[in-house]
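Since every read-out is calculated from the coordinates, none of them should be taken as a lab result. The structure presented is a predicted model; accordingly, all values stated were derived computationally and were not measured. All Cβ positions, glycine included, derive from the backbone under ideal geometry; neighbour counts span all protein chains shown.
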Amino acid sequence: GAGVSQSPSNKVTEKGKDVELRCDPISGHTALYWYRQSLGQGLEFLIYFQGNSAPDKSGLPSDRFSAERTGGSVSTLTIQRTQQEDSAVYLCASSLAPSAGMREQFFGPGTRLTVL
Amino acid sequence: RKEVEQDPGPFNVPEGATVAFNCTYSNSASQSFFWYRQDCRKEPKLLMSVYSSGNEDGRFTAQLNRASQYISLLIRDSKLSDSATYLCVPLAGGTSYGKLTFGQGTILTVHP
């Protein structure tokens, strides 16, 4: 079956521009996550959506970052007024609903963002 | 202290060798763990889940030491294809099961 897809795969933008990154989770997965990974660094949690619950936005680095998830499926991560330090790979993951057990997170291929 | 600490390596080992690396975590409430592997310029993929004291899957063994708050990953009979970055992920209980804190990863290179 189809995995998590992300678009675009690469995005080059100029400092100060806004960008939108898209994530299509695996069908049936109610949980969706955004991470970013800077060169040579680990994964940094950004935001987590689960069903109709309020998202956990505790990882968003500034108010320039926002994310939406429409209809419980597709999600868009928006970065306003991009800065060079925003350059990174933005990874989306989805899973079945986390509960008392664990739910494997399946990652998309990522969007490589370069801010010039 | 960081939530998750891993020896970044790199570990360079010949084919067939046994290699082990540790991951220490600061949250004593962590109940379960993932080991993910990430190939160069690729997304992470789940290697192993650890729910209790450990888990074994073929050449891979994970062992959990709750008293010392570390989890190890042992790879036996290393293959060239094992070359990757290995990410440790502890999962604490509570209200936000979805928020995972990934370690920075340990780089493994297996050479002929």
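Less than 20 Å apart at the alpha-carbon level, and either on another chain or at least 8 residues along: which lysines does that give for B:LYS42?
Here the lysines satisfying the reach criterion relative to B:LYS42 are A:LYS11, B:LYS79.
Once all Cα-Cα distances of the stretch A:1-102 are split into 10 Å bins that start at 0, what whole-number percent is in each one?
P(r) over the stretch A:1-102, rounded to whole percents: 15, 49, 29, 6, 0.
Tally the DSSP beta bridges in chain B and give the antiparallel ones as a percent, rounded to 5.
Working: 36 of 40 bridges.
Taking every DSSP beta bridge within chain B, about 90 percent pair in antiparallel fashion.
From Cα pairs below 8 angstrom and at least 6 apart in sequence, can you work out the relative contact order of chain A, rounded to a whole percent?
With pairs under 8 Å counted, the relative contact order is 37 percent.
For chain B, what relative contact order do you get, as a whole percent, if you take Cα pairs closer than 8 Å and at least 6 residues apart?
About 38 percent, as a whole number.
On average, how many beta carbons from a partner chain sit within 10 Å of the beta carbon of a residue in A:105-114?
Other-chain Cβ atoms within 10 Å of each residue's Cβ, averaged: 3.
How many angstrom lie between the C-alpha centres of the stretch A:1-76 and the stretch B:1-71?
A separation of 25 Å, based on Cα centres.
Compactness ratio of chain B: Cα Rg over 2.2 N^0.38 Å, N = residue count?
Cα-based Rg divided by the globular estimate yields 1.03.
Per residue, how big is the convex hull around the C-alpha atoms of the protein assembly as shown? Give it to me in cubic angstrom, could you? Please report the intermediate quantities before stating the final value.
Working: hull volume 29.5 nm³, N = 228.
Here the figure is 129 Å³ per residue.
If you place +1 on the Cβ of every Lys and Arg, -1 on the Cβ of every Asp and Glu, and leave all else neutral, what size is the dipole of chain B about its Cα centre, to the nearest 20 Debye?
Working: 11 positive and 10 negative charges, 46 e Å.
About 220 debye.
Step through the table entries A:LYS17/A:LYS57; A:LYS15/B:LYS2; A:LYS15/B:LYS99, compare each Cα-Cα distance with 28 Å, and write down the pairs that go over it. Could you put the intermediate results ahead of the total?
Working: A:LYS17/A:LYS57 22 Å; A:LYS15/B:LYS2 32 Å; A:LYS15/B:LYS99 30 Å.
As for pairs spanning more than 28 Å Cα to Cα, those are A:LYS15/B:LYS2; A:LYS15/B:LYS99.
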